[in-house]
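> Let me begin by handing over the structure; questions about it come next.
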Amino acid sequence: MKAPDTSPTPTDTRDAGVRAFYNDLPFNYWSDTEQAAGTVRSNPLLAYPDLDDLLEHDPIREVLEIGCGAGWATNALALHYSVNVTAVDFTAAALARARDVAQALDLGDAVSFTECDLFRFSTDKRFDLVQSIGVLHHTHDCRAAFAHAASFVRPGGYLFVGLYHLYGRRPFLRLFHDILRTEGEQAAFDRYAAMHHQSSDTTHVRSWFRDQVLHPQETQHSLEEVMGWLDAEGFTLLSTSINRYDDPTDRAALIAAEQALEAVSERRNRIENDYFPGFFTVLAQRDD
Ligand SMILES: C[S@@+](CC[C@H](N)C(=O)[O-])C[C@H]1O[C@@H](n2cnc3c(N)ncnc32)[C@H](O)[C@@H]1O
């Protein structure tokens, strides 16, 4: 078996900017390792019920995570589902934390972290599950990144991807870009922290705020668009957060449901002051 090809140096200047951005402060970064390990122990993957169900009931053994960041999902996969995880990210600061947390959790050889630009990642190995949460939309070419990630799924295996949502995200971005323009960054941070009560750790909140409000490179995508990508790559959609993991076979209903999320996002973010960043997931299976 060929060893994975790795180089963390991006081929595109926009990706190089993203790498520098995350090396300043990785996403989802706690001020200390033990707090980060605590969140992994609580199994944050339960937030994705379709993925949890798959991992509980399907014989998944080998997982590839593309863009693992500070490692909460990679480490939770190994800790709670007894799988081996190959994890790739091009941000050294994030990987250092991911490795420290893995060590604190005594995960040993179950996880391996590789510093690599995802577009340059290559291996002969094919995986039962490839997952990438909140990553591909931060590259210079989300569609190409999606195809590259999908290429590592074995026939019959699974792909789990989380992306910014075209309709759900617009009101969030409009709100924060308005505040940044008229009141400045501190006011935008204060509004964000008040809406999103995920942590009392200031570093942690700031790492989320930068990622979601100040990012140098992001694109947004619709489920309709991603369903076309899945068709092209030979995958069947199994579930999506857009209809809360209900039956995904009625495409017209899914498209109507996703378009309705723009009004929901406008109401929640701007009127109810309730965090709605505009993000969705898909779980799909590669055709045999
Ligand atoms: C928003 S963070 C998400 C991290 C992790 N998936 C999570 O949910 O916490 C995006 C991650 O994608 C990584 N990333 C973005 N573009 C990449 C690329 N071209 N190659 C490798 N990693 C990349 C960044 O380094 C960063 O850690």
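> Enumerate by residue number the GluC sites (Glu not before Pro) in region 206-286 meeting two conditions: DSSP loop (anything except H, G, I, E, B), and at most 16 other Cβ atoms within 10 Å of the site's Cβ. It would help to have the intermediate numbers written out before the result.
Working: sites: Glu218, Glu224, Glu225, Glu233, Glu258, Glu262, Glu266, Glu272; in loops: Glu218, Glu272.
Hits after loop and neighbour filter: Glu272.
> Here's a follow-up. Residue separation times 0.36 nm, minus the C-alpha to C-alpha distance between Asp201 and Thr236: what's the value?
Working: separation 35, 0.36 × 35 = 12.60 nm, distance 3.99 nm.
Length gained between Asp201 and Thr236: 8.6 nm.
> Spin-label point model (7 Å from Cα, Cβ direction): what's the Ser112 to Ala253 distance in nm?
4.4 nm
> Using helices alone, I'd like the mean residue ellipticity at 222 nm for the chain: each DSSP H run of four-plus residues gives -39500 (n - 2.57), total over residue count, nearest 500. Please report the intermediate quantities before stating the final value.
Numbers: 12 runs with 128 residues, N = 288.
Here the helix-only value at 222 nm equals -13500 deg cm²/dmol.
> May I pose another question? For a Förster distance of 22 Å, can you work out the FRET efficiency between the beta-carbons of Thr182 and Asp274, rounded to the nearest 0.05?
Values: r = 21 Å, r/R0 = 0.97.
So, using R0 = 22 Å, E works out to roughly 0.55.
> Name the residues of region 210-247 whose amide N is less than 17 Å from a point 7 angstrom out from the Cα of Ala260 along the C-beta direction?
223-224, 240-247
> Which of rounded, prolate, oblate describes region 103-231, given a ≥ b ≥ c as roots of the alpha-carbon gyration tensor eigenvalues and a/c under 1.5 marking rounded, otherwise prolate only if a/b is larger than b/c? Don't skip to the end; give the middle numbers.
On the way: a/c = 2.55, a/b = 1.50, b/c = 1.70.
Taking the square roots of the gyration eigenvalues as a ≥ b ≥ c, region 103-231 is oblate.
> Using 0.36 nm per residue of separation minus the Cα-Cα distance, give me the extension gain between Leu214 and Arg170 in nm, one decimal.
14.4 nm
> Counting pairs of Cα atoms in the chain, how many percent are more than 29 Å apart? Display every interim value, and only then the final one.
Details: 13039 of 41328 pairs.
Counting every Cα pair in the chain, those more than 29 Å apart make up 32 percent.
> Can you tell me, using C-alpha contacts under 8 Å and at least 6 residues apart, the relative contact order of the chain as a whole percent?
Values: 524 pairs, mean separation 62.4, N = 288.
Relative contact order of the chain: 22 percent.
> What distance in nm separates the two pseudo spin-label positions at Gln103 and Asp53, each 7 Å out from Cα along the beta-carbon direction?
Placing both labels 7 Å along Cα→Cβ, they lie 3.9 nm apart.
> Whats the longest run of the chain with zero trypsin sites (Lys or Arg not before Pro) that are DSSP loop and have at most 16 other Cβ atoms within 10 Å?
Numbers: sites that count: Lys2, Arg61, Lys125, Arg126, Arg244.
The reported range is 127-243.
> Using the basic label-point model (7 angstrom from Cα toward the beta carbon), what is the Thr9 to Glu34 distance in nanometres?
For Thr9 paired with Glu34, the spin-label model returns 4.1 nm.
Read the figures in this text as sums done on the coordinates, not as results from a lab. Quick caveat, the model's predicted, so the values are computed rather than measured. So basically every Cβ, Gly included, is an ideal-geometry build from the backbone, and we count neighbours across all protein chains shown.
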